[in-house]
Amino acid sequence: MLEVRGASYQYGEQPALRAIDLTVDAGQLVAVTGPNGSGKSTLLKLIARVIAPSAGEVRFEERALASWAPREYARRVGYLPQEPESAFPMRALDVVASGRAPFLHRFAWEDDADFAIAREALTTCDAAHLEGRYLDEMSGGERKRVFLARVLAGKPKLILLDEPLAALDIAHVQQFSRLMREVVDATGATILFASHDLNWASAFSDRVLVMRDGALAADLPSADLMRAEVIRELFGFDAAVVESGGRRWLVPGVGGDE
Amino acid sequence: MGVETRLSRAALLLGAILLIALALGVSFGATPLSWSDILRGDETSRAILMRIRLPRVVVAALVGAALAIAGATFQTLLRNPLADPFILGVSGGAACAAALATAFGLAQRVPGIVPAVAFAGACLSTLAVFVLARRRDHTDPTRLLLSGLVLNAFFSAIILISFSLSRQSDLTAALRWMMGSLFAASWTEAVILGVLLVPAFAALVWFAGDLRMLAFGEEDARSRGVEVERVKLVGFACASIVTGAAVAVSGIIGFVGLLVPHLIRLAWRRDFRFTLPLSAIGGAILLVLADLLSRSIVANSELPIGAFTALLGVPFFISLLRRAA
């Protein structure tokens, strides 16, 4: 459903993405990982159509991004920025309902059906109790769940999440990771999410893309990432890998020199 | 209750208050005006009503609406609740042009030159702020605010120099204009304001659904199908034109653009589609009342209207702020 062909991007003189080639099929849960500044966010922005590639192209459902009408594309693809914001205090429910915007005609307001979808999305994100609260009264993690609900309210086929786990406590990281899996399984949507945390990037995903210096350094099934020799080769550090709950987990700072 | 119903009710409520404010504004003034005289067909009373009072309250309402619309739009565009036409240097540009016209003695020789150059100054300074803030293919809100601040400092310098070079007798008129006054309001001003305000307001309403999405950040808005650069251009153009028109007619009247959208957001706490039309009505109410006070507190003398927008608005603002917290 998604194809990236030789896509590059530069911030001024600084290259941020170098000739990325990538194909993603429908119904995959794909993690994008790599060190800070490796191009994870830029890649997601390119696919979200927030920025246009300086070379190469991105294709969605067999059509180049440039040929999609912006609103048509926005109805199919949802994007959660790394630091979602709202300049003015708004109720959580209104924030989530604004995720329906690409479906509204000019001058139309969100109707009961839109608010019902918004409530459903809040429930999915374990945030139904926040409905009447204002964004500026919430913790970072609560706000993140509200903004995720806002993305889900658009019922996108392709969901792009930039560091969705970053502001969450450990219980919600776990819950959120499961939630992404459930959304993919239940709706057949495709999710690409960026995370610099190798454990959570691989725990529930099908596939991991490893970025380094703006290039795609590796593209492998998630289970294959969690091997000491793979980590050493890709990230240049030694880590122990332990098994728990049928999954492999990385324990940094253990093994190697010791 | 649907969202539209809420908006209509709010608009009806504010509309009713505006009608009361207009009625008060027309009824009181330097010369006592009796409604029974007018109804009996007294020529003098009719002339005062039609040629002096009515145009003045209409201009006050339009200027108030224009400043509040501009404030609401700038705040949304810059995602900054502190943004208003003054901070962006739009009013400063208008004042600077008017001060120069005074210093060169043009203000006295050419009638109508002050509003004309003020309008041009407002539009030119917006353009300058935009050009200064533009980087590659986008305009960064923080750079826009900074450019506005810097330009304001520049304009202040020119205004000070112009004033020192102006003749004493010309200064009084210039100062009155700088402090904001509706002294010269007539039907001509009302028509000019209306002609500029109505299309700009219509354009903003047309793009209100897009503009409200900008409150979530430009990248987020773009990912939701909003054509961000085009919407920003329309927003800035409209807000600058209505500011320029308001400043040209009334001089510098502060607080309306900053205060009114805040009051509306504190009272209703909804997005730009609410804030825009309600700010227009709210700004009209505030300025009609401020104008009424400015010309009726001291007999045969007009106090600066800008002082009354603040005197009226600030206590109301503080009470809403305290209740919200």
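Before moving on, here are some points about what is shown:
- Residue selected from the range A:10-28 under the condition without any contact (Cβ under 8 Å) to a residue 60 or more places away in the chain and more than 21 Å from residue A:76 (Cβ to Cβ), by the criterion surrounded by the most Cβ atoms within 10 Å (Cβ to Cβ): A:10
- Within the range B:295-304, not a single residue is within 17 Å of the chain's Cα centre (by Cα), assigned to a helix (DSSP H, G or I) and farther than 30 Å from residue A:156 by Cα.
- Here residue B:177 meets the list (1) under 30 Å from residue B:47 (Cα atoms); (2) part of a loop (DSSP other than H, G, I, E, B) almost entirely, failing just condition (2).
- Only one of the listed residues (B:100, B:149, B:145) is within 14 Å of chain A (Cβ to nearest Cβ) and in a helix (DSSP H, G or I). That residue is B:145.
- Test: residue in the range A:95-106 that is more than 7 Å from chain B (Cβ to nearest Cβ) and of a type in the set (Phe, Trp, Tyr): yes
- Sole exception among (1) in a helix (DSSP H, G or I); (2) modelled with pLDDT under 95; (3) among the aromatic types (Phe, Trp, Tyr) for residue B:201, by number: (2)
- Test: residue in the range A:46-69 that is in contact (Cβ under 8 Å) with a residue 40 or more places away in the chain, charged (D, E, K, R) and within 14 Å of chain B (Cβ to nearest Cβ): no
- Residues that are in contact (Cβ under 8 Å) with a residue 60 or more places away in the chain and surrounded by 24 or more Cβ atoms within 10 Å (Cβ to Cβ) within the range B:87-107 comprise B:88, B:89, B:90, B:91, B:92, B:93, B:94, B:95, B:96, B:98, B:99, B:102, listed in sequence order.
- Residue under evaluation residue B:302, criteria (1) free of Cβ contacts under 8 Å to residues at least 60 places away in the same chain; (2) more than 9 Å from every other protein chain (Cβ to nearest Cβ); (3) not hydroxyl-bearing (Ser, Thr, Tyr), criterion not met: (1)
- Considering the range A:34-45, and only residues there that are among the polar types (S, T, N, Q) and under 17 Å from residue A:19 (Cα atoms), the residue that is farthest from the other protein chains (Cβ to nearest Cβ) turns out to be A:38.
- Leading residue by the ranking (nearest to residue A:127 (Cα to Cα)) among those in the range A:70-94 that are part of a helix (DSSP H, G or I) and within 8 Å of chain B (Cβ to nearest Cβ): A:94
For every residue, the table says whether it meets (1) under 27 Å from residue A:91 (Cβ atoms); (2) surrounded by 22 or more Cβ atoms within 10 Å (Cβ to Cβ); (3) within 14 Å of chain A (Cβ to nearest Cβ); (4) of a type in the set (Lys, Arg).
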residue	(1), (2), (3), (4)
B:203	no, no, yes, no
B:206	yes, no, yes, no
B:213	yes, yes, yes, no
B:249	no, yes, no, no
B:254	no, no, no, no
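- Filtering the range A:214-250 to residues that are more than 24 Å from the chain's Cα centre (by Cα) and part of a strand (DSSP E or B) leaves A:239, A:240, A:241, A:242, A:243, A:244.
- Residues that are within 14 Å of chain A (Cβ to nearest Cβ), modelled with pLDDT under 90 and more than 21 Å from the chain's Cα centre (by Cα) do not occur anywhere in the range B:256-266.
- Members of the range A:116-140 found to be within 24 Å of residue B:267 (Cα to Cα) and buried (at least 19 other Cβ atoms within 10 Å of the Cβ), listed by number: A:118, A:130, A:135
- Test set (1) within 30 Å of residue A:145 (Cβ to Cβ); (2) surrounded by fewer than 15 Cβ atoms within 10 Å (Cβ to Cβ); (3) polar (S, T, N, Q) - residue A:67 fails condition number: (1)
- Scan of the range A:141-153 for residues that are surrounded by 23 or more Cβ atoms within 10 Å (Cβ to Cβ) and of a type in the set (Gly, Ala, Ser), ordered by number: A:149, A:153
The values are calculated or read from the model by the stated rules, or taken from the named source; none is laboratory data. Computed from a predicted model, the values in this text were never measured in an experiment. Note that each Cβ is placed from the backbone with ideal geometry, even for glycine, and that neighbours are counted across all protein chains shown.
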